[in-house]
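Participant: First the structure, then my questions, so here it is.
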Amino acid sequence: MNKPEIIKKIKGSSFFSSEEKNTLVELLNHNKQYGLVWEEKTENAELELLNKIPVLSEEISRAIINKSFKDAPNHVLIEGDNLHALTSLRQARQRLLILTILLPLILNTTAP
């Protein structure tokens, strides 16, 4: 049964009051979106990239060093906007980039 048929049955029903019929039809006609909804606007990070080039700077104190293996790969942790990070990686390491994992940082500062 499709939506127009359901609406026709609701309107023709004697079981519901006029107000209830109107409410049910409104609920059926309301197109609620679930999941990811993309806004039709340019994000600040994208606007910044029009005039600026992101540059990575190394913080030696936060280096990820694997002392167990002499020939261990060099891992890089980049904190910041994903778009800025990927843009700078694309420019700096075009052939060396093997795997990129984007993880949103979630901090629960109001734990129950």
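Participant: Quick one: which residue in Ile106, Ile78 is assigned to a loop (DSSP other than H, G, I, E, B), aliphatic (A, V, I, L, M) and modelled with pLDDT of 75 or more?
Facilitator: When all the criteria are applied, what remains is Ile78.
Participant: Pairs please, first residue from region 67-82 and surrounded by 11 or more Cβ atoms within 10 Å (Cβ to Cβ), second anywhere and hydrophobic (A, V, I, L, M, F, W, C) and modelled with pLDDT of 75 or more, Cβ atoms under 7 Å, 6+ apart in sequence or on different chains.
Facilitator: Ile78/Leu56; Ile78/Ala85; Asp81/Ala45
Participant: Looking at region 19-65, which of its residues are under 19 Å from Ser88 (Cα atoms) and not in a helix (DSSP H, G or I)?
Facilitator: Selection gives Glu43, Lys52, Ile53, Pro54, Val55, Leu56, Ser57, Glu58, Glu59, Ala63.
Participant: Separate question: Could you check how many residues of region 14-43 are within 30 Å of His75 (Cα to Cα) and exposed (fewer than 10 other Cβ atoms within 10 Å of the Cβ)?
Facilitator: Going through region 14-43 one residue at a time, the tally reaches 0.
The values are calculated or read from the model by the stated rules, or taken from the named source; none is laboratory data. In this text, all values refer to a predicted model and were calculated from it rather than measured experimentally. No Cβ is skipped: glycine too gets one built from the backbone with ideal geometry, and neighbour counts run over all protein chains shown.
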